[in-house]
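Chemist: Structure below; questions to follow.
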There are 4 protein chains.
Amino acid sequence: RSWIHHSAALQSGSASKSTFFAPVEDAMLPPGTFKDRVAFITGGGTGLGRAMTTTLSQLGAVCVIASRKLDVLQKTAEEISSQTGNKVHVVQCDVKDPQAVSGCVDMMESLTGLPDIIINNAAGNFVCPSERLSPNGWKSITDIVLNGTAYVTLELGKRLIQNQKGASFLAITTIYAESGSGFVVPSASAKAGVEALYKSLAAEWGRYGHRFNIIQPGPIRTKGAFSRLDPTGRFEKAMIDRIPTGRLGKPEEVANLAAYISSNYATWMSGAVIRLDGGEYVSMAGEFNELRRVTPEEWKMMETMIRSTKGS
Amino acid sequence: RSWIHHSAALQSGSASKSTFFAPVEDAMLPPGTFKDRVAFITGGGTGLGRAMTTTLSQLGAVCVIASRKLDVLQKTAEEISSQTGNKVHVVQCDVKDPQAVSGCVDMMESLTGLPDIIINNAAGNFVCPSERLSPNGWKSITDIVLNGTAYVTLELGKRLIQNQKGASFLAITTIYAESGSGFVVPSASAKAGVEALYKSLAAEWGRYGHRFNIIQPGPIRTKGAFSRLDPTGRFEKAMIDRIPTGRLGKPEEVANLAAYISSNYATWMSGAVIRLDGGEYVSMAGEFNELRRVTPEEWKMMETMIRSTKGS
Amino acid sequence: RSWIHHSAALQSGSASKSTFFAPVEDAMLPPGTFKDRVAFITGGGTGLGRAMTTTLSQLGAVCVIASRKLDVLQKTAEEISSQTGNKVHVVQCDVKDPQAVSGCVDMMESLTGLPDIIINNAAGNFVCPSERLSPNGWKSITDIVLNGTAYVTLELGKRLIQNQKGASFLAITTIYAESGSGFVVPSASAKAGVEALYKSLAAEWGRYGHRFNIIQPGPIRTKGAFSRLDPTGRFEKAMIDRIPTGRLGKPEEVANLAAYISSNYATWMSGAVIRLDGGEYVSMAGEFNELRRVTPEEWKMMETMIRSTKGS
Amino acid sequence: RSWIHHSAALQSGSASKSTFFAPVEDAMLPPGTFKDRVAFITGGGTGLGRAMTTTLSQLGAVCVIASRKLDVLQKTAEEISSQTGNKVHVVQCDVKDPQAVSGCVDMMESLTGLPDIIINNAAGNFVCPSERLSPNGWKSITDIVLNGTAYVTLELGKRLIQNQKGASFLAITTIYAESGSGFVVPSASAKAGVEALYKSLAAEWGRYGHRFNIIQPGPIRTKGAFSRLDPTGRFEKAMIDRIPTGRLGKPEEVANLAAYISSNYATWMSGAVIRLDGGEYVSMAGEFNELRRVTPEEWKMMETMIRSTKGS
Ligand SMILES: NC(=O)c1ccc[n+]([C@@H]2O[C@H](COP(=O)([O-])OP(=O)(O)OC[C@H]3O[C@@H](n4cnc5c(N)ncnc54)[C@H](OP(=O)(O)O)[C@@H]3O)[C@@H](O)[C@H]2O)c1
Ligand SMILES: NC(=O)c1ccc[n+]([C@@H]2O[C@H](COP(=O)([O-])OP(=O)(O)OC[C@H]3O[C@@H](n4cnc5c(N)ncnc54)[C@H](OP(=O)(O)O)[C@@H]3O)[C@@H](O)[C@H]2O)c1
Ligand SMILES: NC(=O)c1ccc[n+]([C@@H]2O[C@H](COP(=O)([O-])OP(=O)(O)OC[C@H]3O[C@@H](n4cnc5c(N)ncnc54)[C@H](OP(=O)(O)O)[C@@H]3O)[C@@H](O)[C@H]2O)c1
Ligand SMILES: NC(=O)c1ccc[n+]([C@@H]2O[C@H](COP(=O)([O-])OP(=O)(O)OC[C@H]3O[C@@H](n4cnc5c(N)ncnc54)[C@H](OP(=O)(O)O)[C@@H]3O)[C@@H](O)[C@H]2O)c1
């Protein structure tokens, strides 16, 4: 009646764990999954937005990408389009301006009609001790992330409702939306707000044919994120060290998940919040996970000590 | 080896459950708990803010209450002060304006010095189908609730840090901050943002002597809340029906919890999120809780049917 | 600066919302995704387990299904195998017995070798007022659901670790694991325990090449679940009414999600908890979602009343 | 329009943060709060259970404490009783045995009548790599923590319901119940199960006059916990370092919170889960909290780099 399997030899942590978890970057869904579908992706010109646009386009969607930098959008659109053979439209739009959002949707309506798939991916962020944040610093992030997402979602939602057209809405948030995090506080607050917005509308607008879901990515190297969150590159190693799968994510891995959620294979998914982070969140949050540093020899000693403890 | 206690007679739900849960509205903490302490309460002129101010004042605190309506604040301050014998200061302040917040803290510094206790309680809300919300409607709420809380918190935090003074911060959110809720979507998003702000700063600013906690109240009759959330009074009965303790909350119950959290009895509490809702949230969220409507006779029938089920 | 879009005509809830959300039941992943892979599915003979086995088998996996009823397993195995052309092995096993679990894994090792994919799907449940539950009733559920999942997971985990073989573990829990729910309390507790087990091991065993994820299904008609949870069929209508997508789920929808999570497309997913419930959870949990019953005429009246409210 | 307050001098983390958060260990509630009340505390002979018993006794309750070691219970009972002047009864009981639980409640009924306050505090735990856990090791913990709590709760609940007597139930869980944690996996699972049990019954048994709440303590030095969780004392420093309030908790701090929750000041609290951990959980879980190690000089460099970043 022993508590411990002595046959189980104590192992030391495999340094090469990431070899178990090689990424697959090909599109996962069947070709043509998004044929005759229109997808609207904010921040689609770079990083994760670009990867999601590429995957949707590859699978047949007509895409519309929107952000502030028209030249970046145009370059991306041409590259994707020439790779996939499907049209990628661009619309310049600063999502924090409701007028601009309305104008952007007007333009999209004339280009492609209202979308079947909406991905709210545009965001801003930078690391900063909170006592250094000015009201402008605070607003610069929440205006893009929370208000921008709300304006895009409400504007499209209203028009889709008036047209009795269903749609899939997806928001890209982050693993610290739920827990909060120091040093990125406006982003944490705004992303938490986005999650509440999407869970709320999942409940309220199902009756109009709309689904709302959320992906919380862990760390994925993109220029936009890493240059403002780890400019010196100093924290990347520590991050990888605590990620159970031993590596950063790839934009294409988010893209495959996003494509699934946005597809008809997921018509029964709404109000879901999906963490895709290599296990980083659970690894950080669990109080005793630091014991991964205990060596087999130390475990043996600790077992002996615990066994010999009497009483409380 | 039966699964079911036949000795346990099936009961029908007690109509009078609320008799078990009579509220106690007296101050709970020892007299003088907040002697020589300064407390700052936004929205302290009405509703829950007024109740929390009353309790803190009664327990010895010098209070400063701030909101937009100076006349309301003054009337409340005089009433509380004359009841408790402790000074209640008033400062007019619209929290959504960072300049006004800064001016308000200037005035507080000259009146009382920086506070030991901060309660972010000011908020706005109204029920509305989300497809009817304009960008202005959205912003009217998030500006007060999320940005207002951030401006107050950041402004006070910075000054307290510069003065190497510790403090307890408390935010009043709501039970739908985590789950989201249709028909109050800007409030749900903004309150979720406030929770992330407070959890983030609990982690980041502990080193400066600051604690950050959250109360999520369930439904409590205040003019401000009920006139905009249930103007016809039609939903109150359904709410009470699903609250396991069978009644709405009392402002004084929130005040006692807030006083505890803000006191030195709770110096080891930080980053906590405390639901005070009579059990409403768990009652709504649990998928099978509607079975409370099954009568003893129906249970007997159901038990027989389940018992006779063969296989899967 | 109006808060409300008057152009947005108030809509009454579409009775036919489920037309927007027609299920797709075909396998989503590319053919051959699981070629040369071995999958072990507990409770694979019926319901969701059968559907997941079918999808994995169709995509190339050799499957091993295990539960108590050998005849049911054999019939299912033959039917799937003849449909997909891939071998489905059966092993009789009562998961609540650690010896039986160990014997089952011995047999699997000799049949197929250790698995690449493990799905802990076996469970038991029945509705019952908690005051009627005997200790045996309590244990009958927690022994299968929590201990059974633990025995299977620990036994396979140890052997995989000794063999330096990576694997994907998936557990099927339920939307009430997080919230709890009356009338299915042993199941709620045991499923919450399973979720903690999987989140814990996601953090701890990543270094051995293992991923751990969770699907929380909402209501899906299977004989096993519905005969013991809604034997009279009385609650189904109310459930569908509160599901934003207006219908129950299909076993094949869970199977597609499970296949994705178990595949190499998801090697960066670990510690994730994915709700697949048509939005039921957020719809139940959000405090104001009952306002979906308000008609356009009533909204007009309520808007007028709110607008005319003065002060707090 | 700067994002950053240059006036806010960058601070280096105060080494002496714990001076801000000195514990108060006196009883908080008014004397006599629990006069004529009977409290039942499992594991009341040691550690947190002893502290809670002391506080309740001091405030007037007649206490009954139960665990396996009669001699420990008796010594504690005498010490508390002689200190407070109120009777503390002892009952030997192994909570994992339903017969023993039933016998224990029989004895309590004859000694004091059924209780008004129930605190499920008994537990077992030890650190261990999960690949070393045998089925017996797993069950040794879940039987005490999950089944033990269930047997006590169901047995008392049934008898209270039959007697139409209301009561407050409190369970002591842990901060890793929600997140899970490696190396204490049976405890994490069992405590998560306890939380689901209590949230479920909060919804189901409100109609019988029962409230159910949960405290999740962070690290508090007790012989029982620390000898089995950190036998070498090696991890304590790292724990304190990441706790925002800079110290471990005190048993009396849990006792004051437990007394509040169990009192009539909290009759509107049910289904609540209260973390009392000095902020440890949010500090661990937030992805960027490690940036607390960045010095003021490094921040200046990082700000410059971020500012000079162009594009995404
Ligand atoms: N990479 C990660 O590790 C990570 C982790 C968690 C979450 N995320 C999330 O993933 C999403 C994409 O991030 P990323 O890593 O791909 O970084 P990114 O390349 O910087 O993407 C951000 C995009 O947002 C656009 N954008 C910014 N402000 C805008 C505005 N006011 N109006 C319209 N568009 C605007 C940017 O385009 P313009 O400059 O042209 O406007 C850019 O294309 C973000 O929501 C981010 O929070 C990323
Ligand atoms: N009552 C409930 O059932 C309930 C439930 C959950 C949460 N809550 C929360 O409890 C808190 C108090 O609500 P309550 O029920 O007591 O309602 P209330 O009486 O309407 O309180 C709101 C207070 O906020 C102040 N306020 C509003 N806008 C402001 C602004 N821009 N700047 C400064 N102050 C402002 C108001 O004062 P002025 O008008 O003078 O500015 C008022 O005193 C709120 O955070 C609310 O969300 C209440
Ligand atoms: N259907 C739903 O609405 C729903 C919703 C949420 C979650 N779920 C979850 O989905 C999973 C599958 O449920 P289902 O709806 O497909 O019901 P089901 O057909 O009754 O499946 C349960 C399976 O578990 C097996 N099982 C039960 N006790 C066992 C034991 N002691 N040892 C080994 N196997 C055992 C059963 O096979 P034997 O009888 O041959 O042992 C059966 O195949 C369960 O985990 C359930 O909790 C279902
Ligand atoms: N201290 C911490 O840092 C910490 C942190 C988080 C949570 N907690 C929780 O706080 C509670 C108290 O822990 P503690 O730190 O005070 O440790 P403790 O002194 O070891 O308390 C555990 C108590 O449980 C009793 N117990 C154990 N097995 C039992 C059984 N089978 N039947 C009846 N009683 C049994 C023990 O008494 P006998 O040996 O006489 O049976 C002992 O009095 C536990 O629930 C623990 O999980 C503690």
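The values are calculated or read from the model by the stated rules, or taken from the named source; none is laboratory data. In this text, all values refer to a predicted model and were calculated from it rather than measured experimentally. Because the Cβ atoms are built from the backbone with ideal geometry, glycine has one as well, and the counts that use them run over all protein chains shown. The area values use the complete protein model at the heavy-atom level, side chains included, leaving out ligands, DNA and RNA. Shrake-Rupley method; radii C 1.70, N 1.55, O 1.52, S 1.80 Å.
Chemist: Just to be sure I understand, how many residues within the range C:17-47 are over 21 Å from C:ILE172 (Cα atoms) and assigned to a helix (DSSP H, G or I)?
Modeler: 5
Chemist: Quick one: count up the residues across the range D:164-204 that are within 7 Å of another protein chain (Cβ to nearest Cβ), outside any helix (DSSP H, G or I), buried (at least 24 other Cβ atoms within 10 Å of the Cβ) and of a type outside the set (Val, Ile, Thr).
Modeler: 4
Chemist: Conditions: (1) assigned to a helix (DSSP H, G or I); (2) within 8 Å of chain C (Cβ to nearest Cβ); (3) open to solvent by 10 Å² or more (accessible area, probe 1.4 Å); (4) within 16 Å of ligand 1 (Cβ to nearest atom). A:TYR265 meets all but one. Number of the miss?
Modeler: Of everything listed in (1) assigned to a helix (DSSP H, G or I); (2) within 8 Å of chain C (Cβ to nearest Cβ); (3) open to solvent by 10 Å² or more (accessible area, probe 1.4 Å); (4) within 16 Å of ligand 1 (Cβ to nearest atom), A:TYR265 misses just condition (4).
Chemist: Here's a check for you: in the range C:58-92, which residue that is open to solvent by less than 10 Å² (accessible area, probe 1.4 Å) and not in a strand (DSSP E or B) is nearest to ligand 3 (Cβ to nearest atom)?
Modeler: C:LEU73
Chemist: Answer yes or no: is there a residue in the range A:267-287 that is modelled with pLDDT of 90 or more and more than 21 Å from the chain's Cα centre (by Cα).
Modeler: yes
Chemist: Considering only the range D:212-224, I want to know if a residue exists there that is more than 25 Å from D:SER283 (Cβ to Cβ) and open to solvent by 10 Å² or more (accessible area, probe 1.4 Å). Let's see the steps before the verdict.
Modeler: Of the range D:212-224, the ones more than 25 Å from D:SER283 (Cβ to Cβ) are D:212, D:223.
This time we only want the ones that are open to solvent by 10 Å² or more (accessible area, probe 1.4 Å), so: D:223.
Yes, the conditions are met somewhere in the range D:212-224.
Chemist: Taking the range A:195-220, which residues are under 19 Å from the mean Cα position of the chain (by Cα) and of a type in the set (Lys, Arg)?
Modeler: Once the filter is applied, which keeps residues that are under 19 Å from the mean Cα position of the chain (by Cα) and of a type in the set (Lys, Arg), the range A:195-220 yields A:LYS199, A:ARG211.
Chemist: Among (1) in contact (Cβ under 8 Å) with a residue 24 or more places away in the chain; (2) touching an Asp or Glu at 6+ places or on another chain (Cβ under 8 Å), where does A:ALA100 come up short?
Modeler: Unmet for A:ALA100, out of (1) in contact (Cβ under 8 Å) with a residue 24 or more places away in the chain; (2) touching an Asp or Glu at 6+ places or on another chain (Cβ under 8 Å): (1).
Chemist: For the range C:283-312, which residues satisfy the criterion of being open to solvent by less than 20 Å² (accessible area, probe 1.4 Å), part of a loop (DSSP other than H, G, I, E, B) and under 19 Å from B:LYS191 (Cβ atoms)?
Modeler: C:GLY286, C:GLU287, C:PHE288
Chemist: Report every pair of residues separated by at least 6 positions or lying on different chains whose Cβ atoms are under 7 Å apart, first residue within the range C:253-265 and among the acidic types (Asp, Glu), second open to solvent by less than 10 Å² (accessible area, probe 1.4 Å).
Modeler: As it stands, the answer is C:GLU253/A:TRP268; C:GLU253/C:LEU276, since those pairs meet every condition given.
Chemist: When residues of the range C:119-151 are filtered for being out of contact with any strand residue (DSSP E or B) (no Cβ under 6 Å at 6 or more places or on another chain) and within 21 Å of C:LEU56 (Cβ to Cβ), how many remain?
Modeler: 2
Chemist: Looking at the structure I just gave you, is D:ILE215 hydrophobic (A, V, I, L, M, F, W, C), more than 8 Å from chain B (Cβ to nearest Cβ) and not in a helix (DSSP H, G or I)?
Modeler: yes
Chemist: Which one of the conditions (1) surrounded by fewer than 24 Cβ atoms within 10 Å (Cβ to Cβ); (2) more than 14 Å from chain D (Cβ to nearest Cβ) does A:LYS139 fail to meet, given that it meets all the rest?
Modeler: Of the numbered conditions (1) surrounded by fewer than 24 Cβ atoms within 10 Å (Cβ to Cβ); (2) more than 14 Å from chain D (Cβ to nearest Cβ), the odd one out for A:LYS139 is (2).
Chemist: So how many residues does the range B:268-282 have that are within 14 Å of chain C (Cβ to nearest Cβ) and open to solvent by 10 Å² or more (accessible area, probe 1.4 Å)?
Modeler: 2
Chemist: Filter the range A:125-165 for residues that are small (Gly, Ala, Ser) and touching a residue at least 60 places away in the same chain (Cβ under 8 Å) and give the result.
Modeler: A:GLY148
Chemist: Checking the conditions here, which among D:THR245, D:THR222 is away from ligand 3 (no atom under 16 Å from the Cβ), farther than 30 Å from B:VAL24 by Cα and within 11 Å of chain B (Cβ to nearest Cβ)?
Modeler: Testing whether each residue is away from ligand 3 (no atom under 16 Å from the Cβ), farther than 30 Å from B:VAL24 by Cα and within 11 Å of chain B (Cβ to nearest Cβ) leaves just D:THR245.
Chemist: I'm checking my understanding of the structure. Among residues of the range D:6-22 that are crowded, with 17+ Cβ neighbours inside 10 Å and at the interface with chain B (Cβ under 9 Å from one of its Cβ atoms), which one is modelled with the lowest pLDDT?
Modeler: D:SER14
Chemist: Please work out which one of (1) under 13 Å from D:THR149 (Cβ atoms); (2) open to solvent by 10 Å² or more (accessible area, probe 1.4 Å); (3) facing another protein chain (nearest Cβ under 7 Å) is the condition D:ARG207 fails and give its number.
Modeler: (1)
Chemist: Filter the range B:107-124 down to the residues that are open to solvent by less than 10 Å² (accessible area, probe 1.4 Å) and either in a loop (DSSP other than H, G, I, E, B) or small (Gly, Ala, Ser) (or both) and list them by number.
Modeler: Once the filter is applied, which keeps residues that are open to solvent by less than 10 Å² (accessible area, probe 1.4 Å) and either in a loop (DSSP other than H, G, I, E, B) or small (Gly, Ala, Ser) (or both), the range B:107-124 yields only B:PRO115.
Chemist: With respect to D:ASN256, is the statement that it is open to solvent by 30 Å² or more (accessible area, probe 1.4 Å), under 30 Å from B:GLU253 (Cβ atoms) and facing chain B (nearest Cβ under 7 Å) true? Explain how you work it out, then say what you get.
Modeler: Details: open to solvent by 30 Å² or more (accessible area, probe 1.4 Å): no; under 30 Å from B:GLU253 (Cβ atoms): yes; facing chain B (nearest Cβ under 7 Å): yes.
Taking the combined requirement at face value, the residue does not satisfy it.
Chemist: I'd like to verify a number: residues in the range D:127-143 that are touching a helix residue (DSSP H, G or I) at 6+ places or on another chain (Cβ under 7 Å) and within 11 Å of ligand 4 (Cβ to nearest atom), how many?
Modeler: Adding up the residues that qualify gives 1.
Chemist: What is the number of the single condition among (1) over 20 Å from A:LEU48 (Cβ atoms); (2) crowded, with 24+ Cβ neighbours inside 10 Å; (3) touching an Asp or Glu at 6+ places or on another chain (Cβ under 8 Å) that A:LYS158 does not meet?
Modeler: Looking at each condition in turn, A:LYS158 falls short on (2).
Chemist: Mind telling me which of the residues A:VAL95, A:VAL127, A:VAL101, A:VAL145 ends up being open to solvent by less than 10 Å² (accessible area, probe 1.4 Å), assigned to a loop (DSSP other than H, G, I, E, B), within 14 Å of ligand 1 (Cβ to nearest atom) and within 13 Å of another protein chain (Cβ to nearest Cβ)?
Modeler: A:VAL127
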